[in-house]
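The values are calculated or read from the model by the stated rules, or taken from the named source; none is laboratory data. For clarity, every value in this text was computed on a predicted model and none was experimentally measured. Cβ coordinates were reconstructed from backbone atoms using ideal geometry, including for glycine residues, and neighbour counts include every protein chain displayed.
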Amino acid sequence: MTARQITCFKAYDIRGRLGTELDEDVAWRVGRAFAARPDTGRVVVGRDGRASSPALARALIRGLTEGGADVLDLGMAGTEEMYFATAHHRAGGGIEVTASHNPIDYNGMKLVGPGAAPLDPATDLAALAARAQAGAFPQAAGPGRIIDAGDTRAAYAAAICDFVDAGRLSPLHVLVNAGNGVAGAAFDAIADELARRGAPLRFTRLHHDPDPAFPNGIPNPLLPENQPVTADAVRAAGADMGVAWDGDFDRCFLFDADGRFIPGEYVVGLLAAAFLAREPGARIVHDPRVVLNTRDVIATAGGQAVQSRTGHAFVKQTMRAANAVYGGEMSAHHYFRDFAFADSGMIPWLMVAALMSQSGQPLAALVGDRMARFPSSGEINFRLDDPDAALSRVIARFAPGALARDDADGISLEYPGWRFNLRRSNTEPVVRLNVESRGDAALVADRVAEISALLNA
């Protein structure tokens, strides 16, 4: 087989434009290359609801089985369902066909090894990419089989519900927006399991059924322009909380009873405190983009803060090395030791509902003081003609006066009353800025304006 230039392998997964960077031939090559990994055995495969995902999944499965791997096919399922199934069935790896929140003309894959452990970007993923590109695959002893997944979703729903005491939940009303992605069926299984356990929760569903045309837009609730639809629905329903997911629902985004969007870093703080109440002194992993609130919560609760590079593969590696009970990113990825160290978009909202029930406080009260003490800008994206020159301008202006500098992931500069992180995205051609302060929202706005002007100069 001839070599092919393959450009869809990114920092820690696969993303590409359909027809040019990613097609069925590439998916087949990925399957053959994945099957050639040592001791692959069974591989779990899931796919999101995009129009291109069934064909790509079929080609991927054909490559896997032709390479001798058995395939446990989940069909349409979320990324975290693939993670769960990989660990639950003791498979040799798992692959989810998904483009998550990327534009409609994209697709991709998320790949894990045994126990849902991430593939090391520098070794495992690089070797996989090289083998797929070369097209030189070892001869399989025989074809693999497609194995019945059984009722994996029911086992997954039970594992999610185990994170709370369902019988102690209050009769909260929760508005859920699946965004026409694939969250709906998994959520319904969780809701049924919660009801079976006696949880008195009530739900209003919005855009619940998958639709590959995405009539309400690509589900990415992190974007401010996508938040009003959930906020308005929360207020119209009189709900106590709103939850919105991205397309493969490995991220969830929360809204309080007034429809106010709750930035991810404050949810990280809530969950970190909850786990430290259960396990005093435990380690909590966080990313370097927005840290002031998270570090303060962890220190106050007597935990140990551990910083990781941004991105699910890096956070999971750090968590496993530290045996951290929980890890969180401000982008709304939340990771759980007792969920194979994997990220879940279902566990966070359920744990927040439990915190609201235990405290008797609404979500706004749980995060209000923290948002005032550590205001942040939210992530601001810049598409720049010359990113290197733009970053150099910012560094030249701000680095000389910084109290601390951290180049572990982009550049982070810290000052007595504020800090910022500026980094290139691992998945998109953008530069991302986050600014935060200690109690001074006006300072955040001023610094955002100044840094933005330098980036756009």
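Odds and ends about this structure:
- Scan of segment 2-36 for residues that are surrounded by fewer than 20 Cβ atoms within 10 Å (Cβ to Cβ), of a type in the set (K, R) and closer than 14 Å to A129 by Cα, ordered by number: R4, K10
- Scanning segment 400-420 for residues that are assigned to a helix (DSSP H, G or I) and either crowded, with 19+ Cβ neighbours inside 10 Å or modelled with pLDDT of 95 or more (or both) yields a single hit, P400.
- Annotation note: Cβ proximity below 6 Å between a residue of segment 188-210 that is under 15 Å from M241 (Cα atoms) and a residue that is of a type outside the set (V, I, T) and in a strand (DSSP E or B) (sequence gap 6+ or interchain) occurs for R202/H173; T204/L175; L206/N177.
- Test set (1) under 26 Å from the mean Cα position of the chain (by Cα); (2) small (G, A, S); (3) at pLDDT 95 or above; (4) in a loop (DSSP other than H, G, I, E, B) - A129 fails condition number: (4)
- Extreme residue, nearest to A321 (Cα to Cα), among residues of segment 73-123 that are of a type in the set (A, V, I, L, M, F, W, C) and part of a strand (DSSP E or B): V112
Residue by residue, here is whether (1) outside the structural domain of G184 (by TED's automatic domain parsing); (2) out of contact with any Cys (no Cβ under 6 Å at 6 or more places or on another chain); (3) buried (at least 17 other Cβ atoms within 10 Å of the Cβ); (4) without any contact (Cβ under 8 Å) to a residue 40 or more places away in the chain holds:
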{"site": "A127", "(1), (2), (3), (4)": "yes, yes, no, yes"}
{"site": "G135", "(1), (2), (3), (4)": "yes, yes, no, no"}
{"site": "Q139", "(1), (2), (3), (4)": "yes, yes, no, yes"}
{"site": "P143", "(1), (2), (3), (4)": "yes, yes, no, no"}
{"site": "V164", "(1), (2), (3), (4)": "no, yes, yes, no"}
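- The conditions of being within 30 Å of A257 (Cα to Cα), at pLDDT 95 or above and touching a Leu at 6+ places or on another chain (Cβ under 6 Å) are met by L433.
For (1) at pLDDT 95 or above; (2) among the polar types (S, T, N, Q); (3) closer than 22 Å to E24 by Cβ, each residue gets a yes or a no:
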{"residue": "L111", "(1), (2), (3)": "yes, no, yes"}
{"residue": "A117", "(1), (2), (3)": "yes, no, no"}
{"residue": "G142", "(1), (2), (3)": "no, no, no"}
{"residue": "R145", "(1), (2), (3)": "yes, no, yes"}
{"residue": "G150", "(1), (2), (3)": "no, no, no"}
{"residue": "A158", "(1), (2), (3)": "yes, no, no"}
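- Residues in segment 273-290 that are part of a loop (DSSP other than H, G, I, E, B) and surrounded by fewer than 24 Cβ atoms within 10 Å (Cβ to Cβ): E279, P280, G281, A282, P288.
- Boolean, N426 is under 22 Å from the mean Cα position of the chain (by Cα) and modelled with pLDDT of 95 or more: no
- A single entry from R397, R370 fulfils the requirement of being more than 18 Å from P288 (Cβ to Cβ), assigned to a helix (DSSP H, G or I), touching a residue at least 60 places away in the same chain (Cβ under 8 Å) and of a type in the set (K, R): R370.
- Evaluation of L56 against (1) assigned to a helix (DSSP H, G or I); (2) in contact with a Gly (Cβ under 6 Å, 6 or more places away or on another chain) (one fails), failing number: (2)
- Single residue of segment 421-436 satisfying the filter (more than 13 Å from P288 (Cα to Cα) and of a type in the set (A, V, I, L, M)) that is surrounded by the fewest Cβ atoms within 10 Å (Cβ to Cβ): V430
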